[in-house]
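Okay, structure first, notes after.
The values are calculated or read from the model by the stated rules, or taken from the named source; none is laboratory data. Quick caveat: nothing in here was measured; it's all calculated off a predicted structure. As a convention, Cβ positions derive from the backbone with ideal geometry for all residues, glycine included, and neighbour counts pool all protein chains shown. Each accessible area value is taken on the protein alone, full model and side chains, heavy atoms only, with ligands, DNA and RNA left out. Shrake-Rupley method; radii C 1.70, N 1.55, O 1.52, S 1.80 Å.
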Amino acid sequence: METQKTDILLVGAGIMSVTLATMLKELNPDFSIIIVERLDSVAAESTSGWNNAGTGHAAYCELNYTPEQVDGSIEIAKALKINRAFETSLQFWSSLVEKGALPAPENFINPTPHISFVWGERNVAFLKSRFEALNQYAQFADMEYSEDPEVLKEWMPLVMEGRDPTQKVAATRVSYGSDVDFGSVARYMMEHLEKQDNFELALNTDVVVLKRGVDQMWKVEMRNNKTGKMRVINAGFVFLGAGGGAFSLLRKAELDEVGGYAGFPVSGQWLVCRSPEIVEKHWGKVYGKASIGAPPMSVPHLDTRIIDGKKALLFGPFAGFTMRFLKNGSSWDMIRSISLDNLMPILAVSLRNFDLLRYLIKEVLKNQKARMKSLREYFPNARDEDWELAYAGQRVQIIKKHPNKIGKLEFGTEVLATEDKTLAALLGASPGASVAVAAMIELLESCFPEKMARKEEGKEGEWRTKLGQMIESQRYEKGRLGYDRDLLQRVRQRNIDILKLQ
Ligand SMILES: Cc1cc2nc3c(=O)[nH]c(=O)nc-3n(C[C@H](O)[C@H](O)[C@H](O)COP(=O)(O)OP(=O)(O)OC[C@H]3O[C@@H](n4cnc5c(N)ncnc54)[C@H](O)[C@@H]3O)c2cc1C
């Protein structure tokens, strides 16, 4: 069996691994890096353009990031954080465009206004409060609000045409929102990586065994799915960017750190319209309010999509239940992931999240007629013949132990690292690809604290300095983008100019 050594091994060729590999090569070009991918192409799972909604999540339009509190106030901390995280991705991509590592921005990101739209007295009151809470912050100062049907008709004609004129409606809009083809971002970054020395992409290669080897190295055994040939790589640092596949890999590694963890997969479907006369009439991502019990990422939205240069409209997602952790995974994924240590958390979550189960059952039972009925709430004149069903990727939510509730369902993402910081994994699904850059910086901070130290911690780490040259906000203390108006304006304008977002 072939045995080889590498500094860094990343499992999975989705946006997370490719972002981390790109960053590591910028920070230390001498690193030897291998990316291992079980499929025959890059970004073919959740990162693929059609497997996700391509929303550059900046919290401009997603109402689930600003929940209403019991006292009627709006919690905006999450929205502010996600907005900063997305601005971090935009800074990184801008730098890569400037240095020619990414092509002209229209190949992967396109300006698409982000609109929140609601109807009914109560929802209108909520949207107004949300707007007032956010608009006082520089990050959201350009957000517009209107209850005027004429204005809304201008913003989103398809949504307003054929609507009951007595219905009370309201919307907010941020004009420099974006539609991102994350599949293209990952593929372009991979092309750039492949031009560099000491880099290898191993496709059709499944990691089957992961265990601690000698000298603090990880012994990673893999099989070529085409030839059946086995290969062993000893790696100094391993990142599991395997999407839903990370759960089973962590179990294989028998880490104490993952005791009690389990995955809860939710699949998705879209209605897609490619008819040019309709597609040309809509420009934006129009997000509404989620149904009761719906997981946060199942908020309905009507989106302009631009994938591989082609325009389409997408409506959804319609959630479904599945046992697979990857779209190209096995129906046994979930069953195989259950063990004695995570059984109780799984049972606790199943019993406590009754609204979610009821929501999923309702979604699974929806036929095309019911799906079109949901679409007509956003596009009243939609015709059956213009829309077809397409399948999205898998999202695997985290179930973990909780001291009081026994088990808890998490809808965010989590970076998990071993105590010795030689292996890290990304679990969870939301906000997802949009915050890949911030998530990977968090991972670097956790696993390479000295190199990533900030000035205010004493001595600025070597990697922090280099990162600051690409991502200006990384030169300063955490969160500064949120309160330093000059910095925000400078960074945002640069992103808008380079990525042509307005
Ligand atoms: C329906 C839906 C809508 C979404 N909408 C948005 C959105 O609008 N905006 C947004 O920002 N995010 C969105 N997301 C989330 C986003 O798509 C994901 O967070 C992101 O793509 C995850 O990237 P990743 O690299 O972690 O995983 P993936 O893209 O899934 O890549 C993981 C890779 O690992 C490989 N792999 C797995 N196991 C192994 C193994 N044992 N050996 C080798 N390779 C392996 C897989 O084949 C796969 O290629 C959405 C997701 C879904 C499902």
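When the alpha carbon gyration tensor of region 307-405 is reduced to an equivalent ellipsoid, the three semi-axes, largest first, read 33, 17, 12 Å.
How big is region 247-309 by the Kirkwood estimate over distinct Cα pairs, in Å? When all Cα pairs of region 247-309 are included, the Kirkwood radius is 15.7 Å. With unit charges on the beta carbons (Lys and Arg positive, Asp and Glu negative) and the dipole taken about the Cα centre of the chain, which residue among A290, A262, A141 sits farthest to the positive side? Toward the positive end, the furthest listed residue is A262.
So what is the relative contact order of region 1-66, in percent, for Cα pairs below 8 Å that sit 6 or more residues apart? Mind showing how you got there, number by number?
Values: 48 pairs, mean separation 22.6, N = 66.
Result for region 1-66 is 34 percent.
Only helices enter this figure: runs of n ≥ 4 DSSP H residues, each worth -39500 (n - 2.57), summed and divided by the residues of the chain, yield -9500 deg cm²/dmol at 222 nm to the nearest 500.
Calculate what fraction, in whole %, of the accessible area of region 387-502 sits on carbon and sulfur atoms when a 1.4 Å probe is rolled over the protein chains.
On the way: 2600 of 5420 Å².
Ligands and nucleic acids excluded, carbon and sulfur reach 48 percent.
For region 198-253, the Kirkwood estimate of hydrodynamic radius, built from reciprocal distances between every pair of different alpha carbons, is 12.0 Å. Using only the alpha-carbon atoms, how far is helix 485-498 inclined from the longest principal axis of the chain? Give it as 0 to 90 degrees, nearest 10. Relative to the chain, helix 485-498 is tipped by roughly 90 degrees.
Translational D (Stokes-Einstein, µm²/s) of region 90-201 at 20 °C and 1.002 mPa s when Rh comes from the Kirkwood sum over C-alpha pairs? Please report the intermediate quantities before stating the final value.
Numbers: Rh = 16.9 Å.
After rounding, the answer is 127 µm²/s.
Computed with a 1.4 Å probe over protein heavy atoms only, the accessible surface of region 351-502 comes to 52 Å² per residue.
Give me the 1.4 Å probe accessible area per residue for region 1-63, excluding ligands and nucleic acids, in Å². Provide the component values of the computation, followed by the final result.
Details: 1700 Å² over 63 residues.
Value for region 1-63: 27 Å² per residue.
Centre-to-centre separation between the Cα atoms of region 418-457 and those of region 9-69: 13 Å.
Let me have the relative contact order for region 1-155, percent, based on Cα pairs under 8 Å that are six or more residues apart. If you can, show how the numbers build up before the last one.
Working: 116 pairs, mean separation 25.5, N = 155.
That works out to 16 percent.
Here the contact order of region 220-372, divided by its residue count and restricted to Cα pairs under 8 Å and six or more residues apart, works out to 23 percent. Computed as a quarter of the hull surface, the mean projected area of the alpha carbon convex hull for the chain stands at 23.7 nm². Computed as a quarter of the hull surface, the mean projected area of the alpha carbon convex hull for region 172-280 stands at 12.8 nm².
Per residue, the solvent-accessible area of region 67-198 (1.4 Å probe, heavy atoms of protein chains only, all protein chains present) comes to 41 Å². Computed on the Cα trace of region 1-123, the radius of gyration divided by the Kirkwood hydrodynamic radius gives Rg/Rh = 1.08.
In order along region 195-211, phi translates into HN-Hα couplings of 7, 9, 6, 6, 10, 9, 10, 10, 7, 6, 10, 9, 6, 10, 9, 9, 8 Hz, rounded to whole numbers, per the Karplus curve 6.51 cos²θ - 1.76 cosθ + 1.60 with θ = phi - 60° and x for Gly and Pro.
Cα-Cα over 28 Å: which of K78/K285; K5/K229; K421/K466; K168/K369; K128/K408; K5/K99? Table pairs above 28 Å Cα-Cα are K128/K408; K5/K99. For region 81-145 versus region 468-495, the spacing of their alpha-carbon centroids is 15 Å.
Cβ under 12 Å from L152's Cβ, L152 left aside: what net charge do those residues give with Lys, Arg +1 and Asp, Glu -1?
Around L152, the surrounding residues sum to -2.
Using 0.36 nm times the number of residues separating Q196 and I406, minus their current alpha carbon distance, what extension gain do you get?
Working: separation 210, 0.36 × 210 = 75.60 nm, distance 4.76 nm.
Result for the pair: 70.8 nm of gain on full extension.
Each residue of region 119-132 is assigned a 3J(HN,Hα), and the resulting list reads 9, x, 3, 5, 5, 5, 4, 4, 5, 5, 4, 4, 4, 5 Hz, derived from the Karplus form 6.51 cos²θ - 1.76 cosθ + 1.60 (θ = phi - 60°), x at Gly and Pro.
Could you tell me the distance between the Cα centroids of region 153-188 and region 358-414, to the nearest Å? Cα centres, region 153-188 to region 358-414: 19 Å.
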